[in-house]
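The values are calculated or read from the model by the stated rules, or taken from the named source; none is laboratory data. All figures in this text were calculated on a predicted structure; none of them were measured in a lab. Neighbour counts are summed over all protein chains in view; Cβ atoms, including those assigned to glycine, are modelled from backbone coordinates with ideal geometry. These area figures cover heavy atoms from the full protein model, side chains too; ligands, DNA and RNA do not enter into them. Shrake-Rupley method; radii C 1.70, N 1.55, O 1.52, S 1.80 Å.
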Amino acid sequence: MHNNSGPRRLDWIVPSACEGTRVDTLLKRHMNLSGTVVRRIKWLEDGILVDGVRVNTRFVPKAGQTISVRLSDPERLSGVVPAPGPVDIVYEDQDLLVVNKPAGLSVHPGPGHYDDTLGNFLVHHFVSTGQEADFHPVHRLDRGTSGLLVVAKHPYAQELVKAQLHTPAFRRIYLAVCEGIPTPASGVIDAPIGPKEGSLMAQIVSPEGKPARTHYHTLQTVEGRSLLRLELETGRTHQIRVHMAHLGHPLTGDFLYGTEDHTLISRTALHSHRLSFSHPITGEQLEFIQPLPADMETLLK
């Protein structure tokens, strides 16, 4: 398990080509810090240091000097309360973690879920391992969806990974079980999605919606149900669920777009199976795979 007590910092040695340039320009142009991050850290005692000494953003360092920036917040600003709970951590380093989320667990605290979400459990994990880290989710999974999810530990990592979303750099592959047998067996669903009138939660395919594209491929068919591999080009709310229902093949167990049947499965049969992206700081390609969970496996027996 990873334990880094103390702040997470990013260090950069000023090359001669950048001599005569102000710190704020160097932070944004060469260290990829956004204006928001710079505005936040410049007030901190150890926010921006040059050769270990605090400087303001107008300071002009010389070639060979080291700019050191504090990435983690000294206090947790998310407001998420720590609460003990199980977290299946697949990968963890100083900047982010990848978790395998169980079905039935909400990602974010919200009405009715104040202290029993993944966010609460992760903040508790940070507190108990003495990490100066906070809950900065990069993307989300519906409460009923299981599988892989990336969470950043500080705003800088969150911004850089979020910038990869819906680009070829960030790939998400889902597995789902649907009712019936899609024809053709593989294809692209290109249909705009927007909120359904009169509903707080449901989405619908409608010409006024936002563009949405889903690639699907049938892996196997058992007793009138199909196991699909899906990849999203866009990230609309409930996209896979809405698109498959639109095709006439709602996901098994989907209470909103299909038929809820707890004798079969107690949730929508959707799993975040494979995830790949590049590390926000090292640039290393990371890839993770979580096999089909037992409750979805049972549907194909």
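Of note:
- For segment 101-234: rounded, prolate or oblate by the Cα gyration tensor [a/c cutoff 1.5]: prolate
- Scanning residues 5 or more positions from ARG213 or on other chains, those with amide H under 5 Å from its amide H are GLU233, THR234, with H placed 1.01 Å from N in the peptide plane.
- Qualifying lysines (Cα of each under 22 Å from Cα of LYS162; at least 8 residues distant if same chain): LYS28, LYS101, LYS153, LYS210
- Peptides 143-149, 91-97 ordered by packing proxy, namely the average of other Cβ atoms within 10 Å per residue, highest first: 143-149, 91-97.
- Here each label is just a point 7 Å from Cα along the line to Cβ, and for HIS30 and VAL53 those points are 1.9 nm apart.
- Rg and Dmax of the chain, Cα atoms only, in Å: 22.2, 70
- When the Gaussian network model of the chain links Cα atoms closer than 10 Å, the mean-square fluctuations of LEU33, LEU175, LEU44 top out at LEU44.
- Prolate/oblate/rounded label for segment 259-301 (Cα gyration tensor, a/c 1.5): prolate
- Near ARG225, the amide H atoms lying under 5 Å from its own belong to GLY180; only residues 5 or more places off or on other chains count, and H is placed 1.01 Å from N.
- Applied to segment 263-277, the Karplus parametrisation 6.51 cos²θ - 1.76 cosθ + 1.60 on θ = phi - 60° returns per-residue 3J(HN,Hα) values of 6, 8, 7, 8, 7, 6, 7, 9, 9, 7, 8, 9, 9, 9, 7 Hz, with x for Gly and Pro.
- Net charge in the neighbourhood of PRO7 (other residues with Cβ under 10 Å of its Cβ; Lys, Arg +1, Asp, Glu -1) is 0.
- For segment 43-85, the percent of C-alpha pairs falling in each 10 Å distance bin, counted from 0 to the bin holding the largest distance, reads 23, 39, 18, 14, 5.
- For segment 56-126: accessible area per residue (Å², 1.4 Å): 44
- Net dipole in debye of the chain [+1 Lys, Arg Cβ; -1 Asp, Glu Cβ; about Cα centre; nearest 20]: 840
- Ellipticity estimate at 222 nm from DSSP helix runs (n ≥ 4, -39,500 (n - 2.57)) divided over the chain, nearest 500: -4000 deg cm²/dmol
- Taking a ≥ b ≥ c as the square roots of the eigenvalues of the alpha carbon gyration tensor, segment 167-301 is oblate, as a/c is not under 1.5 and a/b does not beat b/c.
- Nonpolar atom fraction for the chain, defined as the carbon and sulfur part of the 1.4 Å probe accessible area, stands at 52 percent.
- Most mobile listed residue (PRO111, PRO168, PRO82) in the chain, GNM with C-alpha springs under 10 Å: PRO111
- Per residue, segment 204-301 exposes 48 Å² of solvent-accessible protein surface, assessed with a 1.4 angstrom probe and all protein chains in place.
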